[in-house]
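Just below is one structure, and these are the notes that go with it.
The values are calculated or read from the model by the stated rules, or taken from the named source; none is laboratory data. All values derive from a computational prediction rather than experimental measurement. Every residue, glycine as well, gets a Cβ built from its backbone with ideal geometry; the counts of neighbours run over all protein chains shown.
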Amino acid sequence: MPNERNATLREMLNNDGMVIAPFCLNALHAKIAESVGFQAVYMTGSGTSAEHGFSDVGLLTQTEMVANARYIANAVDVPVIADCDTGYGNVINVHRAIQEYESVGVSGIHLEDQVFPKKCGFFEGKDVIPMEEHVQKVRAALDARADKDFVIIARTDALQVNGWEDAIKRCKAYYAAGADLVFVDGIKSKEDLAICAKEMGDLPKVFNGADPVATTSEVADYGFKLMLAGYTLTVVYDAVKRSMTELRDNGMISAPQHRKEIADLLGLQDVYAMETEYQPG
């Protein structure tokens with residue numbers, strides 16, 4: 001059956017304005033994002049790697065990434081956009097990866113042109129495959145999707161490797177191949193953000209807001225259609241480290257517990273209602 005959220009995401013992207021999808025490491029974070037009003041969420045690859053205890057250097061498999069995507073998509077009603085890394089191999093692997101992500105309820109993915117094994121877009125030591133090879137990966141992704149509203153985002157990591165000229169050339173080629181949106185990763189300054197907006201022109205653009213380069217409203221003013229916003233992994237790291245340090249030094253954590261609020265967000269009241277409904281006799 002078609003995923004209604006695919007059509008919702010497509011409609012939002014076709015409207016004026018910018019879609020904001022906050023970084024989510026897991027299903028709980030996605031439910032929190034939805035509860036405060038976000039209309040889409042983003043499954044971060046680096047956050048998923050961290051959840052498994054690894055740095056984002058291509059160590060997670062397609063199976064592990066899709067499993068996290070399934071948990072997130074099952075937890076929320078809003079569209080989920082997911083990191084699909086390099087497609088986990090060649091064009092044949094890309095074809096299967098799209099089918100797997102789509103089958104678990106994801107509404108869109110981004111596919112990058114790094115050499116496998118990849119690295120986080122903000123790490124040193126990246127390299128990219130030939131542009132024409134990634135064009136074929138984009139084509140394979142488009143052919144693999146069952147629902148034409150499933151969004152395929154073509155990402156290039158060429159900025160850090162080869163500079164702006166190659167990055168823009170690649171984005172134009174990927175868009176010409178049929179990608180729904182294009183995405184230059186590794187932008188670390190407002191100046192680069194402005195260059196991206198100018199050089200890409202009317203191409204539907206994605207901005208990775210992992211670094212606090214600009215606010216969501218500023219990015220929207222540059223004409224981007226989608227922002228992956230707020231790198232919450234660093235927030236989680238900071239909060240947990242402070243709490244663990246406090247526990248070590250003071251013997252307890254003084255931060256508010258929020259136990260009932262979290263339980264209710266995760267559906268505890270629904271469980272109680274079902275227990276009452278199906279009580280024997």
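So in region 94-138, with the set limited to residues that are of a type outside the set (V, I, T) and assigned to a strand (DSSP E or B), which one is farthest from L60 (Cα to Cα)?
Taking region 94-138 first, the residues of a type outside the set (V, I, T) are 95-97, 99-103, 105, 107-108, 110-114, 116-127, 130-134, 136-137.
Adding the requirement that they be assigned to a strand (DSSP E or B) leaves 108, 110-112, 114.
Values: G108: 19, H110: 16, L111: 15, E112: 15, Q114: 15 Å.
The extreme case among them is G108.
Across region 222-253, what is the total count of residues that are among the small types (G, A, S) and touching a residue at least 40 places away in the same chain (Cβ under 8 Å)?
Here is the first cut: in region 222-253, the residues among the small types (G, A, S) are 223, 229-230, 239, 243, 251.
Imposing the further condition that a residue be touching a residue at least 40 places away in the same chain (Cβ under 8 Å) reduces the set to 229-230.
Total meeting the criteria: 2.
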Revision key, fill the gap. The condition from (1) surrounded by fewer than 21 Cβ atoms within 10 Å (Cβ to Cβ); (2) of a type in the set (A, V, I, L, M); (3) in contact with a Phe, Trp or Tyr (Cβ under 9 Å, 6 or more places away or on another chain); (4) assigned to a helix (DSSP H, G or I) that A69 misses is numbered (1)
Study note, to complete from the structure: When region 238-281 is checked residue by residue, the ones that are over 24 Å from N74 (Cα atoms) and touching a helix residue (DSSP H, G or I) at 6+ places or on another chain (Cβ under 8 Å) are M252, I253, S254, A255
Exercise for review: Tally the residues that are in contact with a Gly (Cβ under 9 Å, 6 or more places away or on another chain) and in a loop (DSSP other than H, G, I, E, B), restricting the search to region 72-87.
Suggested key: 4
Check your understanding: Identify, please: which residue in region 49-60 is in contact (Cβ under 8 Å) with a residue 60 or more places away in the chain, surrounded by fewer than 21 Cβ atoms within 10 Å (Cβ to Cβ) and not polar (S, T, N, Q) and is, among those, nearest to L268 (Cα to Cα)?
Key -> A50
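With respect to I152, determine if the residue is farther than 24 Å from N93 by Cβ, in contact with an Asp or Glu (Cβ under 9 Å, 6 or more places away or on another chain) and not in a helix (DSSP H, G or I).
Working: farther than 24 Å from N93 by Cβ: no; in contact with an Asp or Glu (Cβ under 9 Å, 6 or more places away or on another chain): yes; not in a helix (DSSP H, G or I): yes.
No.
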Practice item. Scan region 191-218 for residues that are under 17 Å from the mean Cα position of the chain (by Cα) and either aliphatic (A, V, I, L, M) or under 17 Å from A40 (Cβ atoms) (or both) and jot them down. Key: P204, K205, V206, F207, N208, G209, A210, T216
Check your understanding: G186 versus (1) surrounded by 23 or more Cβ atoms within 10 Å (Cβ to Cβ); (2) in contact with a Phe, Trp or Tyr (Cβ under 8 Å, 6 or more places away or on another chain): which is the lone unmet condition?
Key -> (1)
Check your understanding: Quick one: what pairs do we get from region 150-169, first residue assigned by TED's automatic domain parsing to the domain that holds P204 and surrounded by 24 or more Cβ atoms within 10 Å (Cβ to Cβ), second of a type in the set (S, T, Y) and in a strand (DSSP E or B), C-beta under 9 Å, 6+ apart or different chains?
Key -> A167/T156
Point to revise | When residues of region 14-53 are limited to those that are within 10 Å of the chain's Cα centre (by Cα) and in a strand (DSSP E or B), the one nearest to V206 (Cα to Cα) | key: A21
Check your understanding: Is one or more of the residues making up region 30-48 in contact with a helix residue (DSSP H, G or I) (Cβ under 6 Å, 6 or more places away or on another chain), surrounded by 24 or more Cβ atoms within 10 Å (Cβ to Cβ) and within 15 Å of E102 (Cα to Cα)?
Key -> yes
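When residues of region 60-81 are filtered for being touching a His at 6+ places or on another chain (Cβ under 8 Å) and either under 21 Å from L181 (Cα atoms) or of a type in the set (A, V, I, L, M) (or both), how many remain? Before you say what the answer is, go through the steps one by one.
First, the residues of region 60-81 that are touching a His at 6+ places or on another chain (Cβ under 8 Å): 60, 64, 81.
Restricting the remaining residues to those that are either under 21 Å from L181 (Cα atoms) or of a type in the set (A, V, I, L, M) (or both) gives 60, 81.
Number of matching residues: 2.
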